[in-house]
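This report concerns only the one structure given below.
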């Protein structure tokens, strides 16, 4: 039998990223509090698998009640609450926001294909599926793209405005274009609190567009949804009546540990029709009178997750949770003010909640070096994002008991590494200037050498030309002198009278002296 391993060899602190550490400012908060931990321990001790009411009545009923509690806390309309009169809606706990988006996209796809099948009964479902088009903004979470991949539907990612929001006009234009090409808009994923910068899509603009085109509107508020328990933030939910579904993550910013993603739908029957599979061994006699959450998501097996939601709300109360949210917002505003006081930095987003996006003025490479050096030191941990092509650093207030001292410490660390980086950059710039000057000197020397070489070649060519001209001149002069000498020594060469006078006696002359036939001039040999 193998011997047990010592606990010190199993848990090495240097191998763990401490999400609950006050110096952790990456991603979004990972909720954690002792009531939630105790509830998970109790859930594990009970050990039930609550896929149906019959399998675990308490698990099913507490989940239904808690989702209605939370829905009322954040200001959802009664259409989304299960126990409201004449409501067809209801809530469920999923494993993650990705699961929420996926199941709603599948439900929307099922409804759209069903409607198209009625219009085109002889067209195969695969062909109808190929005409479906989903929409989201480029700031939407990557899980929307993954859901479209799994659902095998087209996804059009739309541009945002200067505040990183998807506008209703942009969405309407895209849908009109797609309809003109024979495509069927069927699903829109809007976001309240984007991951990159916590921007908010205006649901009041997007909703009417979705209603006009008969499109399923899903609202993803994974991080920001928890803040809606504060009345001063509920205006961000304006237009939610147009939505068919909504999700938020209490396991992010409501002190509930992972996993606990809550989702509501306006019509639970449209959701379950897309996902229902009902073998005999899962059927029970109460199925017509109760909710079976196995039809509300992808997995069959389900944990007793509503316990931790209940424990946290009962322990802290709505007021306690509001106080916690507001404190994080205040600390984020404090960090924002520190950034704005330094002219070397800019704030890249509108700070609504606990996230501040900032960057050092300069290149993306400069900001990347700054973040890398900070993270490598282990003094802080942050992650980047890209906004309009700019590399920004995300600072998120994450720790449950974060204080002003934590914010000041974080800023001091950022300042320290900024000054070190800028000093290094100055040295590098000086070295670059020296190198540039040396390169310029080398280039000037090379240019001078080239000029000297060209001048030398030109001079040599000129010398050659002068030499040839001089040689030709001398040769011509020599010839003229020779001819002049001959003329002086022999008068017959230049006096034609003598030639004619001597023509009668030419026969007496030596026959070896040739006479020009035209001029009669004797050409001496």
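Read-outs: derived from the displayed coordinates by stated rules, not from any lab. This structure is a prediction, so every number in the text was calculated from the model and none was measured. Cβ coordinates were reconstructed from backbone atoms using ideal geometry, including for glycine residues, and neighbour counts include every protein chain displayed.
Structure notes:
- Centre-to-centre, using Cα atoms only, the range 10-80 and the range 394-409 are separated by 23 Å.
- Förster-model FRET efficiency, 45 Å R0, residue 330 and residue 276, C-beta, rounded to 0.05: 0.45
- Estimated [θ] at 222 nm from DSSP helical runs (n ≥ 4, -39500 (n - 2.57)) normalised by residues in the chain, nearest 500: -16000 deg cm²/dmol
- Sorted by Cβ neighbour density within 10 Å, fewest at the top, the residues 269, 335, 246: 269, 335, 246
- The range 313-385 and the range 120-159: distance between their alpha carbon centers, rounded to Å: 34
- Residues of the range 144-159 with amide N under 20 Å of the 7 Å Cα→Cβ point at residue 120: 151-156
- Within the chain, percent of DSSP bridges classed antiparallel, to nearest 5: 55
- The convex hull built on the alpha-carbon positions of the range 277-407 has an orientation-averaged projected area of 13.4 nm².
- Taken over the C-alpha atoms, the range 11-78 has Rg and Dmax values of 17.0, 49 angstrom.
- Segment residue 65-residue 301, extension gain: residue separation times 0.36 nm, minus the distance between their alpha carbons: 83.0 nm
- Only alpha carbons enter this Debye calculation for the range 90-237, each as an equal point scatterer, and the log10 of I(q)/I(0) it gives at q = 0.09, 0.13, 0.15, 0.18 Å⁻¹ is -0.28, -0.57, -0.75, -1.06.
- Take every pair of alpha-carbon atoms less than 8 Å apart whose residues are at least six positions apart; their mean separation over the length of the range 288-377 yields a relative contact order of 16 percent.
- Given in Å, the Rg to one decimal and the Dmax to the nearest whole number for the Cα atoms of the chain are 45.1, 161.
- Our summary gives the range 118-218 a relative contact order of 29 percent, counting only alpha carbon pairs under 8 angstrom and 6 or more residues apart.
- Derived from the Cα gyration tensor, the three semi-axes of the equivalent ellipsoid of the range 130-175 are 20, 13, 5 Å, largest first.
- Debye equation applied to the C-alpha atoms of the range 394-435, log10 I(q)/I(0) at 0.23, 0.24, 0.27, 0.33 Å⁻¹: -0.77, -0.81, -0.90, -1.04
- Relative contact order (%) - criterion: Cα under 8 Å, at least six apart; region: the chain: 18
- By the count of neighbouring beta-carbon atoms within 10 Å, fewest first, 59, 260, 230 end up ordered 230, 59, 260.
- Using a Förster distance of 45 Å, the FRET efficiency for residue 7-residue 83 (Cβ separation, nearest 0.05): 0.45
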